[in-house]
Amino acid sequence: MNKQMTLLWSMVLLAFFSSCEKEPDLPETELKAENATALLKNGPLSVMYVEVNGSNILNVGSYSLEDSGAPFFDIAIIFAANINYDVANQRAVFHANENVQAVLDGRDTFVQPLQDRGIKVLLSILGNHQGAGIANFPDRAAARDFAEQLAEVVDTYGLDGIDFDDEYAKYGENGTGQPNSSSFIMLLQELRDLMPDKIISYYYYGPTTAYLEWNGNQAGEYLDYSWNAMYSTYSAPNVPGLTGAEESAAAVHINQTPSSTAVNFATRTINDGYGLYLMYDMRQSDYTSYLSGISNQLYGEGTELTGQLYPWPMNAPVESKVALYRHCDYNEEVVLLDEGSYTLAQLVEAGVTNDDISSLKVPSGFTVTVYEHDNFGGNSAGLTSDISCLTQINFNDEISSLIISKN
């Protein structure tokens, strides 16, 4: 027996040292990819909602912290499936539109790669203007029925949990009841019973915010996380049973919230001890600069783009429009422009104010020549890639005409 054990340990040590000898031969970028899921990231969890009707959730996995190589995001949320109402059977039913269903059916393509990076993938559930919502289940049997539907979806598609959003229910439609004090707590209880090890989160919005305690039970007993739902604001949700470690006071719309505001929210998140940082609306764009401002505060290191940016649907044509933004860091999109020449009058007609553009996104294979004056006069500059702030070329709030051409 002792000889067998000695032999076994000899083989284990040999395998260990052999693997250690091979590891330095891997390029640094490969090491980051190989070890990303094992890296520990100190700081709040970063959460991103993705509108899958127009954006690819895979883009959440394309950003890493530049020193550790850890994924920037910890939770990706598929936004959103619905609660529909079966009038004939007076029953709330799960519904996924064609885009949500495409993500679910393609879970090996869209979900598993994120999970392989250590990113949890949740499915958001909200109303669909049919009278059914998370706030008006009439009894426990109805809550259990819908909870079973959700648990089946999570199990079937290998998801990491469910996110609840009390929007667009249109309570009272189709003869449904109004919000009541017991509905949401019963739903949480039943879903937690069915999914003891999965994540349940809550977008703090709608009638349910008034019904987070019932019959001596608190919503926080069954929820893992909750976050502020009002974008570009900083306000912690008031969920009984949850602490700041399970909440996000920050709510950031990455295409609208100014970068300086997002950075300020990140700083406050750390100072106030909140455990999550919520963001919304990732698209097929390079957000490296914007995310670096946040990650430097949350994690003490910048962000880099380590994966490709994916269109939606996957076979969509390559983006060919130039995006103009009013502020630096791609904040407040003004217009998308096709190939062509644009005088000041044409820009104004498209919705652009003279001398009011601060950043641009330029698709691959295109050049944008910007001009200081109308009719392509004055100083000019040629751009062949995204520019996060035109101060970099002394052209901030200076564009009065431009030409977009294919290379």
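The values are calculated or read from the model by the stated rules, or taken from the named source; none is laboratory data. As the structure is a computational prediction, the values presented were derived from the model and not from experiment. We place every Cβ from the backbone using ideal geometry, glycine too, and count neighbours over all the protein chains shown.
Look at the range 237-285 and say how many of its residues are charged (D, E, K, R) and either in a loop (DSSP other than H, G, I, E, B) or surrounded by fewer than 18 Cβ atoms within 10 Å (Cβ to Cβ) (or both).
4
Looking at Ile294, Ile270, Ile357, which is the one that is over 20 Å from Ser46 (Cα atoms) and at pLDDT 95 or above?
Result of the check over Ile294, Ile270, Ile357: Ile357.
Just to be sure, is Pro363 in contact with a strand residue (DSSP E or B) (Cβ under 8 Å, 6 or more places away or on another chain) and either modelled with pLDDT under 95 or surrounded by fewer than 19 Cβ atoms within 10 Å (Cβ to Cβ) (or both)?
In short, yes.
Give the residues of the range 194-243 that are over 19 Å from Asp160 (Cβ atoms), under 24 Å from the mean Cα position of the chain (by Cα) and hydroxyl-bearing (Ser, Thr, Tyr), sorted by residue number.
Within the range 194-243, Tyr204, Tyr205, Thr208, Thr209, Tyr231, Ser232, Thr233, Tyr234, Ser235, Thr243 qualify.
With respect to Ile185, is the statement that it is in contact with a Gly (Cβ under 8 Å, 6 or more places away or on another chain), at pLDDT 95 or above and at negative phi true?
Considered against the rule, which asks whether it is in contact with a Gly (Cβ under 8 Å, 6 or more places away or on another chain), at pLDDT 95 or above and at negative phi, Ile185 comes out as no.
Return the residues of the range 112-123 that are more than 13 Å from Ser62 (Cα to Cα) and buried (at least 22 other Cβ atoms within 10 Å of the Cβ); say none if nothing qualifies.
Selection gives Val121, Leu122, Leu123.
Has the range 237-255 got at least one residue that is of a type in the set (S, T, N, Q) and under 23 Å from His327 (Cα atoms)?
Yes, the range 237-255 contains at least one residue that is of a type in the set (S, T, N, Q) and under 23 Å from His327 (Cα atoms).
Within the set of pairs 6+ apart or on separate chains, which have a first residue in the range 215-238 that is in contact (Cβ under 8 Å) with a residue 40 or more places away in the chain and of a type in the set (D, E, K, R), a second that is assigned to a strand (DSSP E or B) and crowded, with 21+ Cβ neighbours inside 10 Å, and C-beta atoms under 8 Å apart?
Partner pairs satisfying both residue conditions: Asp224/Gly161; Asp224/Ile200; Asp224/Ser201.
Consider Glu247 against the criteria (1) within 23 Å of Asp329 (Cα to Cα); (2) within 18 Å of the chain's Cα centre (by Cα): it satisfies all of them except one. Which criterion is unmet?
(1)
Looking at Phe94, Phe79, which one is over 17 Å from Val50 (Cα atoms) and either surrounded by fewer than 21 Cβ atoms within 10 Å (Cβ to Cβ) or at pLDDT 95 or above (or both)?
Phe94
Of the residues Ala80, Ala92, only one is outside any loop (DSSP other than H, G, I, E, B) and either over 15 Å from the mean Cα position of the chain (by Cα) or at positive phi (or both); which?
None of the others qualify; the one that does is Ala92.
Give the residues of the range 195-219 that are surrounded by 16 or more Cβ atoms within 10 Å (Cβ to Cβ) and part of a helix (DSSP H, G or I), sorted by residue number.
Once the filter is applied, which keeps residues that are surrounded by 16 or more Cβ atoms within 10 Å (Cβ to Cβ) and part of a helix (DSSP H, G or I), the range 195-219 yields Pro207, Thr208, Thr209, Ala219.
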